[in-house]
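A quick write-up on the structure given underneath.
The values are calculated or read from the model by the stated rules, or taken from the named source; none is laboratory data. Source: prediction; values computed, not measured. All Cβ positions, even for glycine, are placed from backbone atoms using ideal geometry, and neighbour counts span all protein chains on display.
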Amino acid sequence: MGRILAIDYGRKRSGIAVTDNLKLIANGLCTVKSAELIAFLEDYLKKEKVDTVVIGYPKTLQNTASESLRYINPFIKQLTKKFPDLHIVQYDERFTSKMAFQTMIDSGIGKMKRQNKALVDKISATIILQSYMENLRNKIL
C-alpha cells in the first residue's frame with residue numbers, strides 16, 4: 001500500500017505533505033522550488049511508493065477557476081505526462097494559506113517564523129492532504 005502525497009503548488013515554491021504508509025496521518029514533508037518539483041518527485045517516487053498525488057486546486061468564492069490555475073494546470077499536464085500511471089487528484093484548496101497561518105498562531109509559533117512563507121506552504125500542503133483524507137473517510141462511512 002502506497003502513500004498519498006499532497007502538493008500546494010506555487011509560482012516560486014511548493015509545499016509537500018505525505019501520509020504514513022497506512023494513510024492515517026498527514027505530515028508536512030518539505031518545501032521545494034517549483035522549478036525543481038518534477039525532479040524532486042522523480043527522486044521521491046523512486047524511494048517511496050505513492051498511490052495518489054493530491055494537488056491543491058484553488059477556486060474563487062463563486063466556485064470558478066482562480067487566476068492561479070494558469071500556473072497550476074501546465075504543471076498538472078507535465079506531471080501527468082511524466083508519471084502516466086500515477087493517480088492525480090485536483091482538490092479544492094480555498095483558504096488553506098489562511099488556515100495554515102492561523103494554525104501557526106494557534107501553535108504558538110513566533111511572529112518571525114510565521115513570516116517564513118516556505119513553512120506556510122508546507123503547512124498548507126498538510127491541510128490539503130488532511131482535508132482530502134477526511135473527505136475520503138466521509139465517503140466510506
The residue from GLY15, GLY56 that alone is under 22 Å from LYS117 (Cβ atoms) and touching a Cys at 6+ places or on another chain (Cβ under 9 Å) is GLY15
Condition set under 21 Å from MET133 (Cα atoms) and of a type in the set (D, E, K, R), scope region 1-54, selection surrounded by the most Cβ atoms within 10 Å (Cβ to Cβ): answer is ASP8
Those residues of region 1-30 that are in contact with a Leu (Cβ under 8 Å, 6 or more places away or on another chain), farther than 10 Å from ALA125 by Cβ and part of a strand (DSSP E or B) come to a total of 2
Per the filter on region 86-137, residues surrounded by fewer than 19 Cβ atoms within 10 Å (Cβ to Cβ), modelled with pLDDT under 85 and in a loop (DSSP other than H, G, I, E, B) are ARG94, PHE95, SER107, GLY108, ILE109, GLY110, GLN115, ASN116
GLN62 passes all but one of the listed conditions (1) outside any loop (DSSP other than H, G, I, E, B); (2) surrounded by fewer than 11 Cβ atoms within 10 Å (Cβ to Cβ); the exception is number (1)
